[in-house]
Structures are given as structure tokens and as C-alpha cells.
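First up is the structure itself, then whatever we jot down about it.
The values are calculated or read from the model by the stated rules, or taken from the named source; none is laboratory data. Just so it is clear, the model here is predicted, and its values are computed rather than measured. Methodologically, a virtual Cβ is constructed for each residue, glycine included, from the backbone with ideal geometry; neighbour enumeration extends over all protein chains shown. Surface areas here come from the heavy atoms of the whole protein model, side chains and all, with no ligands, DNA or RNA. Shrake-Rupley method; radii C 1.70, N 1.55, O 1.52, S 1.80 Å.
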Amino acid sequence: MSLLPRTAEEFSSAEYWERFFKKRGERAFEWYGDYNKLCGVLHKYIKVQDKVLVVGCGNSELSEQLYDVGYKHLTNIDISETVVAHMSQRNAERRPDLTFHQVDATQTPYEDASFQAALDKGTLDAMASEEEGALARRMITEVGRVLKVGGRYVCVTLAQEAVVKLAVEHFVHMGWAVRLHCLQDERGKEEEDTFALPVFVLICTKFRQPMPTPILEMCVGDDGAPVRHTQVCELLSAVREYQAYSVLRKRLRTSTDPGSSLSLTLCNAKTGLPRYTLTVQDCPPGAKVPRSNQFAIFIVPRGSETAWLYSSTEGRRQLAASANFRRLVIASMHRNQEYTDMQAVQSELSPVVMDLAPPGMPTNQQVPFLSVGGDLGWREEVSRGVSQLSGEYCVENVRGEDGELYRRLVFLSNISLVQSESRLVPSTSSHKKKNKKKTKAAVTPSACVSVDSGFLCCAHHEVMVAGLSMLGVGTTQNKDAPVSVLLVGLGGGGLPQFLRDFVPDAAVEVVELDPVVLEVAKEWFGFRPDNRLTVTLGDGLERICFLEKEGGHLFDVVMFDVDNKDSSVGMSCPPAAFVETAVLQKVFNLLTPRGLFILNLVCRDPVLRTDVLERVKSVFPTVLSRKIAEEINEVLLCSREEKNAAHILPSSSQAAKNFQSMLSCDRTEPKRRPLIDIAEMIKDLKLE
């Protein structure tokens, strides 16, 4: 429908509403709702015995319908002589006490405080576009004059932002209480040609003494509980959200779109904090879906939200295809929210999900809730803090779908991205305290676990480690040769600790910009620097420039594993400056003759990826890439030497076997060996 905006933000655009009212045509007043839709809220705020001024009555039937149910003190005004004559004639016999007068609403002849209510259906919307809003201001000022103390201005509006802002700010300045009701169609009533935008009813109540603190409230439906807002901008934001939700609801109830994944966030009614994120995934056309499998809800286990299956478009499509429903809604739970059990979540979501049902599905049809293992999963927040560089963060323990415990570092500015992850194992002390009653569902307390330094949670870290086989580690000629590594980006410290603990004679320098990240790594991820693992706090680019000036050929390996804070760029790792040609040349100069540059590249923009790859290839004669399955990450292995593909690509290469055999056991716990398959990690290398 051409009148509908593409985004929620467009509801605040004056240009959008100007186009809207030019196109609305003869059906305009139908969009504001009839008596049946409005009666609940009108009866709540306007008493039958009230003297009511109907502002800009037009030829609407609303006054006639109110008169017929007992409202006998209605004074209708309109600036059009034709409308007044027509309405007076139409009601002369049947409704003799229903009066119509030709009056300018900005300049009425009525005395001060002569009405208990003023009713406006669409007049404010129409007048707000005239004289840059000055006409509407004069009208609501006049309404304020003729209303008694305790009287209410009841305005039916489509709530274009400029109009609501004008009216709300005016009445707040006058010290009145302001409440908005959002009226939406009943579920199952949507049709292709129905209007999608919700109707709002603005209620402004006059007080004898102006309110010192603004009263701003939003309600859903006739009798929904009011949600209090402290600022006008918050109320306007809530209006935009309801408008956007109404458009989304209309779209979902009248059509299917397998190519898109529409999402919406449900917030906690009391706190306003996000509680659920619902993503809608439709089956592709032609899919053989049983007639009974119309609609289902899949509950993502807590702690699994960032898994590829639930967080990526491709993963959600695969999940929907496996579930084999016409439409699948994937529901994720948020941090800092309490969830009792699966039954409680189902009860909470059941009243909402029918809004998202596919077209034609009966409203009384049962909607199944699906999950993994039948429970909600488990998440425990163990720390929270703020970094001046990266913002708010949290450290949390989660139970994976494999039943293992994991610890994660998440920056809350991007909750869909796990910054660092490590597997947890029972600590040495906990083995002494055996709990005979422990079950599979039992949760291990944080104090009884430690980080498993021999397990790399991230597949791209495994590939980065496996890439060291290209150095010839473990071969006869390099048997006792030390390996020097420069790693930009610490995270939780899992990668550098693995290199220190398991690669013989490895010496690692880590450069980390954020001192808070270093402290988190030490406190929560078991990071322990020593003489073979050092940390330099500072900017990675500046460190590279400094080291190059000191002299080249310092490192066998340079690794970039650093995220990009600029979300406007289609590359989330590394920052764009790290792959400029001049920087890549400095990295080249830092490497020993056998040296290797290893880059974790996360780039959603194919054009930008091609550009980055071309720059890397212009500096390094041999570049291999390894895509990470079910992730956007890929690892680039860039050698100073020009190597023959037939020598470096076979999965059974001797280099991989040698390196695998040379990986030592953990020096602190000799019985534990690293869990990594070098040959598996390099078998899908591609020569760029």
C-alpha cells in the first residue's frame, strides 16, 4: 500500500504525512474509526450528561450515534456553511436537540468554561498542516478556554508526529494531564484493503492548578493499563513503535515473505527494557508443509541467541525448513530478565503471537511452542561493568546445547556478538566436593569452575593456530626453533594463552587498546601473562609503526583479531585502518623471511571484501583463505614467501602432522592435551 511508510522513523517525517493526507481521499474519516471502534474510550472520558463541543464535526455520523445512545448535550461546529446546513436538515426531525452551527473553531462565541468536554475527530490533523501549525495552536487554545476545570479534550487522531508533538507540548505547558490510547483492530479482522495504521485518542485533562510535573501516559486499547513516560520525546517514540507494529502486523496477517526476516522487540511493561525479540521466518513457496502445520513458535535457549542457527538469516531459514511449518516465529530471551519456566514463557507470549500468524489461519487454532530439550536453557551473569572505550559489558556463564558450560564476554552495544568465549571445567578443588544428588540439569556454581585453556571455542581461532603449520613447526629443520608472535586484540585471552601453553617455545606479545578488557581477561578468563606471554596496552597501529621503526624481521607471525567499533562499515573485523596498504606493508616488514600474517576477516560487504583481498595480495605473494562454516568469519593466511599450491593445500600435508605432534601438553596440567585437529582446520584452505 503506497501510503504506508517503509520504516518506523518515517512516521516522524513531515513529508510522509503531507503525501499521506493528499492521497487519503474520500475514505479519510473511515480511517479514524466508527462509533463501534471509538465508543469504549469515548464513554470512559465523556459522561452522558456532559455538555460537549464537537469541533469540526463535518458530515461524520459520530455525533448522531452518540445522540442516539443518550448524549443530548452536543454542540456541533464546523466552518463550512454547506456542511452545517446539510447536517441540520438531516437531523431536524429525528434528532431535534442535536444542534449544528457555522463557527470558526479558533474563535468561538462561547463563554469561558462552558463545556465539560471537547470532541475532535480528525480536525486537529487537518488544521495542523495549515499556517505551519499556527491554526491548530489557536484551535486548541480556544478549546482550553471553553472547557471547565476537569474538562477533557478528546481528540481522535492518526498521530502524525508533528501534530501530536504540537498538541502534547501545548497542553503540558498549560499544566494539563495527557494520555494517549492506541486503538488497534481485533485479531483476524485484517484484509488486503483495510487500513493498517492505528487510530489514537488523545485525552487532555484540565486542572485547576497546573501540574508541576508532566503527566504523560500511553494505553493500548480502551482499558489498557497506562504506561507513564517522563518526557514528550518518550511518548512520541512509543507512538512510532505502535504505528510500526501495526504496519508489521498488517503485513504479516495479509501476506508471506520467505525472503525477509521481520523482527520486533517486546519490552517489559514495567521497566521498558527489552524482554523478547521475535523474528518471523516464512517457508519458501512450494514447500510441502502439512495442512496442520500452519504456525509455530520456537523458543531459543538462553545463551544460544548468537548461534548461527538463530542469529543469521541463513540459519533461521534452515531452522524453519527443519521445523516444516508455514510460518515459524523465533523467540529469543534477553539478559537482565527473569523467566520462570517454559510454561510461563508460553503463557506470556500466547496472547501476542496470534498477531503474527500467517494469512488465513483461524484465530482459534492451537499454536505449538517448540524448543531444544524442552527447557529454557541457563544463563548466569557473573560480572558487569563499563569501559570508556567499549561501553557497558557483561561476563556471563551459559550452558551450551552440548551440555557444557561456557563463559562469555559481551559488549551490550552489540548483544548479538560474543566478544570472547571459553569453555569451563570443574576446578581442581571442586573434585574434592562430590555431590551425589547432582543431576544433568544441575548448574555448576561459578566458584567451582575454571577456564579450559586447552579448548578454543572459536573456530577461527583454531584455524589461526593451525596456520602455524605453514611455518614448518615440528619439521627437522625447525625442530627447536622458537616461534615469535605479535597478536593485536586480546579479548578473553584464550588464543594467546593457547599459543603460550601448547606451542613449544612460543613467545607471544599481545597488543590491547582497552585496559578494562585486560582486567576482565585476568579476573574472569584465567589470563596469566608471564615472560613468554606479555601484554602491551595501547593502539595496535601505533605499536606496529613503533616496532617497524625499531627494525624489521621481529616476528614469525603477526595476527589481527581485533573488532571494529564502527557499525556503519560492512566489516566488523578488523577496523578498516588495519587493512590499508601502508599498514599491511609495515606488517610485511615486521615478519621474518618465513613469516606469516594471519587475519581474522569478518566482512558482510562483498565489494569491500574484494577490495581488502586485493590490497592484501598486493603486499603478500601467497594468500590462502579458510571460510568458517556457519559463520561470516574467514581467516586469511598470508605468507612472505611465494608457495606452490600443490605443496601447501593437501589435507594430509606432512606439515600439519608435524605440527600436531609438536603441540605440547599443558605445562600446568601435564595430563591435559589441546583439543584441536590441525589437519581438519587447514583442509579447506583456498589459494586466493
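Would you kindly identify the strands (runs of 3 or more DSSP E) lying entirely within segment 222-310 that contain at least 1 residues that are open to solvent by 20 Å² or more (accessible area, probe 1.4 Å)?
It comes to 227-229, 262-267, 274-282.
Note down all Cβ pairs under 8 Å where the first residue falls in segment 159-172 and is in the same structural domain as residue 229 (by the TED database) and under 12 Å from residue 205 (Cα atoms), the second is assigned to a helix (DSSP H, G or I) and of a type outside the set (Ser, Thr, Tyr), and they're at least six residues apart or on different chains.
Close Cβ pairs satisfying both conditions: 168/232; 168/235; 168/236; 171/140; 171/144; 172/232.
Filter segment 446-468 down to residues that are in a helix (DSSP H, G or I) and either of a type in the set (Val, Ile, Thr) or under 26 Å from residue 594 (Cα atoms) (or both), then give me how many there are.
Within segment 446-468, residues that are in a helix (DSSP H, G or I) and either of a type in the set (Val, Ile, Thr) or under 26 Å from residue 594 (Cα atoms) (or both) number 10.
This table checks each residue for (1) free of Cβ contacts under 8 Å to residues at least 60 places away in the same chain; (2) part of a helix (DSSP H, G or I); (3) open to solvent by 40 Å² or more (accessible area, probe 1.4 Å).
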position: 345; (1), (2), (3): yes, yes, no
position: 360; (1), (2), (3): yes, no, yes
position: 365; (1), (2), (3): no, no, yes
position: 389; (1), (2), (3): no, no, yes
position: 401; (1), (2), (3): no, no, yes
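For (1) small (Gly, Ala, Ser); (2) modelled with pLDDT under 95; (3) in a loop (DSSP other than H, G, I, E, B); (4) open to solvent by less than 10 Å² (accessible area, probe 1.4 Å), each residue gets a yes or a no:
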| position | (1), (2), (3), (4) |
| --- | --- |
| 106 | no, yes, yes, no |
| 135 | no, yes, no, no |
| 154 | no, no, no, yes |
| 178 | no, no, no, yes |
| 182 | no, yes, no, yes |
| 191 | no, yes, yes, no |
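Only one of 549, 617 is over 26 Å from residue 508 (Cβ atoms), at pLDDT below 95, part of a helix (DSSP H, G or I) and more than 31 Å from the chain's Cα centre (by Cα); which?
Answer to the check: 617.
Return the pairs, sorted by first residue and then second, in which the second residue is open to solvent by less than 60 Å² (accessible area, probe 1.4 Å), the first residue lies in segment 231-242 and is farther than 15 Å from residue 157 by Cβ, the beta carbons are less than 6 Å apart, and the residues are 6+ apart or on different chains.
Going by the 6 Å Cβ cut-off, the qualifying pairs are 232/168.
Looking at 583, 623, 602 in this structure, which one is β-branched (Val, Ile, Thr), open to solvent by less than 10 Å² (accessible area, probe 1.4 Å) and either in the same structural domain as residue 494 (by the TED database) or assigned to a strand (DSSP E or B) (or both)?
The conditions single out 623.
Exactly one of these conditions fails for residue 332: (1) under 17 Å from the mean Cα position of the chain (by Cα); (2) in a helix (DSSP H, G or I); (3) closer than 20 Å to residue 274 by Cβ. Give me its number.
So the condition that residue 332 fails would be (2).
Scan 411, 369 and give me the residue that is open to solvent by 20 Å² or more (accessible area, probe 1.4 Å) and under 24 Å from residue 316 (Cβ atoms).
Answer to the check: 369.
Can residue 125 be described as out of contact with any Phe, Trp or Tyr (no Cβ under 7 Å at 6 or more places or on another chain), surrounded by fewer than 20 Cβ atoms within 10 Å (Cβ to Cβ) and within 29 Å of residue 162 (Cα to Cα)?
no
In this structure, is residue 130 of a type outside the set (Lys, Arg) and free of Cβ contacts under 8 Å to residues at least 12 places away in the same chain?
Judged against the criteria, residue 130 is a match.
From the list 609, 594, which residue is in contact with a Gly (Cβ under 8 Å, 6 or more places away or on another chain) and open to solvent by 40 Å² or more (accessible area, probe 1.4 Å)?
594
I'd like to verify a number: residues in segment 558-580 that are charged (D, E, K, R) and either without any contact (Cβ under 8 Å) to a residue 40 or more places away in the chain or in a strand (DSSP E or B) (or both), how many?
Residues meeting the conditions: 2.
Here's the yes/no breakdown for (1) within 21 Å of residue 200 (Cα to Cα); (2) of a type in the set (S, T, N, Q):
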residue	(1), (2)
61	yes, no
96	no, no
102	no, yes
108	no, yes
136	yes, no
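Out of the residues in segment 204-221 that are in contact with a strand residue (DSSP E or B) (Cβ under 6 Å, 6 or more places away or on another chain) and either farther than 27 Å from residue 273 by Cβ or modelled with pLDDT under 90 (or both), state the one that is surrounded by the fewest Cβ atoms within 10 Å (Cβ to Cβ).
208
Looking only at residues in segment 513-531 that are open to solvent by less than 20 Å² (accessible area, probe 1.4 Å), in contact with a strand residue (DSSP E or B) (Cβ under 8 Å, 6 or more places away or on another chain) and not β-branched (Val, Ile, Thr), which one is farthest from residue 454 (Cα to Cα)?
Filtering segment 513-531 for residues that are open to solvent by less than 20 Å² (accessible area, probe 1.4 Å), in contact with a strand residue (DSSP E or B) (Cβ under 8 Å, 6 or more places away or on another chain) and not β-branched (Val, Ile, Thr), the one farthest from residue 454 (Cα to Cα) comes out as 514.
Within segment 120-174, can you find the residues that are among the acidic types (Asp, Glu) and within 19 Å of residue 211 (Cβ to Cβ)?
Passing the criteria: only 169.
Being basic (Lys, Arg), within 16 Å of residue 420 (Cβ to Cβ) and assigned to a helix (DSSP H, G or I) is the filter here; which residues of segment 519-546 pass it?
Within segment 519-546, just 522 meets the criteria.
Tell me which residues, restricted to segment 111-138, are touching a strand residue (DSSP E or B) at 6+ places or on another chain (Cβ under 7 Å) and over 18 Å from residue 65 (Cα atoms).
Those that are touching a strand residue (DSSP E or B) at 6+ places or on another chain (Cβ under 7 Å) and over 18 Å from residue 65 (Cα atoms): 113, 115, 116, 123, 124, 125.
Which one is least open to solvent (accessible area, probe 1.4 Å), of the residues in segment 311-329 that are in a loop (DSSP other than H, G, I, E, B) and more than 22 Å from residue 254 (Cβ to Cβ)?
The selected residue is 312.
What residue, among those in segment 80-101 that are open to solvent by 40 Å² or more (accessible area, probe 1.4 Å) and in contact with a strand residue (DSSP E or B) (Cβ under 7 Å, 6 or more places away or on another chain), is modelled with the lowest pLDDT?
Restricting to residues being open to solvent by 40 Å² or more (accessible area, probe 1.4 Å) and in contact with a strand residue (DSSP E or B) (Cβ under 7 Å, 6 or more places away or on another chain), the top hit is 81.
So residue 549 clears everything in (1) open to solvent by less than 40 Å² (accessible area, probe 1.4 Å); (2) on the phi < 0 side of the Ramachandran plot except one condition, right? Which one?
Failing condition for residue 549: (1).
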